[in-house]
Amino acid sequence: MKKSNIIILAAVVVVVLACFGGCSAYNGMVDKQEAATTALADVQATYQRRADLIPNLAKTVQAYAKHEKETFEAVTKARASVGQIKLDAGNLTPEKLHQYEAAQGELSAALGKLMVVAERYPELKANENFHSLQIQLEGTENRINEARQNYNAAVQDYNQTVRRFPNVLFSGMFGFDRMEKFEAATGAEKAPALNFNE
């Protein structure tokens with residue numbers, strides 16, 4: 001075999017291996033990205049479940065606490081603002097994620113006030129419908145936490161994949177950018193002050 005043929009054969013082998021490596025890297029990044037975007041959709045669906053439970057809970061509380069108009073308005077306003085913010089996995093910036101989290105935090109705060117109002121009415125706490133909604137809401141809060149953790153794990157896996165060699169050679173070329181994770185809300189590291197004398 002001539003030396004030029006060996007060089008050509010070696011070059012062809014290198015190109016074929018590079019193509020297979022590139023295809024494998026690309027497909028792996030697609031799989032990881034899809035897992036992360038699916039996890040993000042799961043987070044949004046779980047938050048939506050909470051938002052869907054709130055009107056029924058508010059109506060039940062309102063039937064017993066008609067003079068708590070300010071609290072009900074805050075819940076309605078916070079729920080409406082949450083419904084206006086949609087996350088797009090293809091354009092998920094830290095700012096949009098923070099905006100989404102801030103809206104969810106406002107809804108959580110309004111919901112917390114609603115539950116404080118409910119505590120003032122023993123006959124409401126004994127209501128079967130209220131009790132059922134409260135249990136569903138607690139379960140949904142747990143699902144939100146779990147969905148956020150699953151999303152963060154999927155994003156970590158994806159981010160590691162696109163940043164590792166040799167994938168890093170292809171990730172920028174094919175538009176596989178780092179994705180943002182959910183973070184704890186500001187002040188979440190501090191335990192809430194509890195006042196049992198109220």
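The values are calculated or read from the model by the stated rules, or taken from the named source; none is laboratory data. Predicted model only: the values in this text are computed from it and were never measured. For neighbour counting, all protein chains shown are included, and Cβ atoms are generated from backbone atoms with ideal geometry for every residue, glycine included. Note: areas computed on protein heavy atoms with side chains; ligands, DNA, RNA excluded. Shrake-Rupley method; radii C 1.70, N 1.55, O 1.52, S 1.80 Å.
Some points to look at:
- From the options Ile85, Ile7, residue that is of a type outside the set (Lys, Arg), over 30 Å from Ala109 (Cβ atoms) and either exposed (fewer than 14 other Cβ atoms within 10 Å of the Cβ) or modelled with pLDDT under 85 (or both): Ile7
- The set of residues from the stretch 55-67 being open to solvent by 20 Å² or more (accessible area, probe 1.4 Å) and modelled with pLDDT of 85 or more comprises Pro55, Asn56, Lys59.
- In summary, Phe176 fulfils each of the numbered conditions (1) within 20 Å of Ala39 (Cβ to Cβ); (2) in a loop (DSSP other than H, G, I, E, B); (3) of a type outside the set (Ser, Thr, Tyr); (4) open to solvent by 20 Å² or more (accessible area, probe 1.4 Å) with the single exception of condition (4).
- Residue ID - nearest to Gly112 (Cα to Cα), chosen from residues in the stretch 25-54 that are over 22 Å from the mean Cα position of the chain (by Cα) and either open to solvent by less than 20 Å² (accessible area, probe 1.4 Å) or not hydroxyl-bearing (Ser, Thr, Tyr) (or both): Gly28
- Meets criteria (open to solvent by 90 Å² or more (accessible area, probe 1.4 Å), charged (D, E, K, R), modelled with pLDDT of 85 or more and under 19 Å from the mean Cα position of the chain (by Cα)) for Arg163: no
- Condition met for Glu70 (loosely packed, with under 13 Cβ neighbours inside 10 Å and over 16 Å from the mean Cα position of the chain (by Cα)): yes
- Hey, Asn27 closer than 25 Å to Asn152 by Cα and without any contact (Cβ under 8 Å) to a residue 12 or more places away in the chain or not: yes
- Identity of the residue in the stretch 88-105, open to solvent by less than 30 Å² (accessible area, probe 1.4 Å) and of a type outside the set (S, T, N, Q), that ends up modelled with the lowest pLDDT: Leu92
- Residue check, Glu141 open to solvent by 40 Å² or more (accessible area, probe 1.4 Å), modelled with pLDDT of 90 or more and within 24 Å of Ala51 (Cα to Cα): yes
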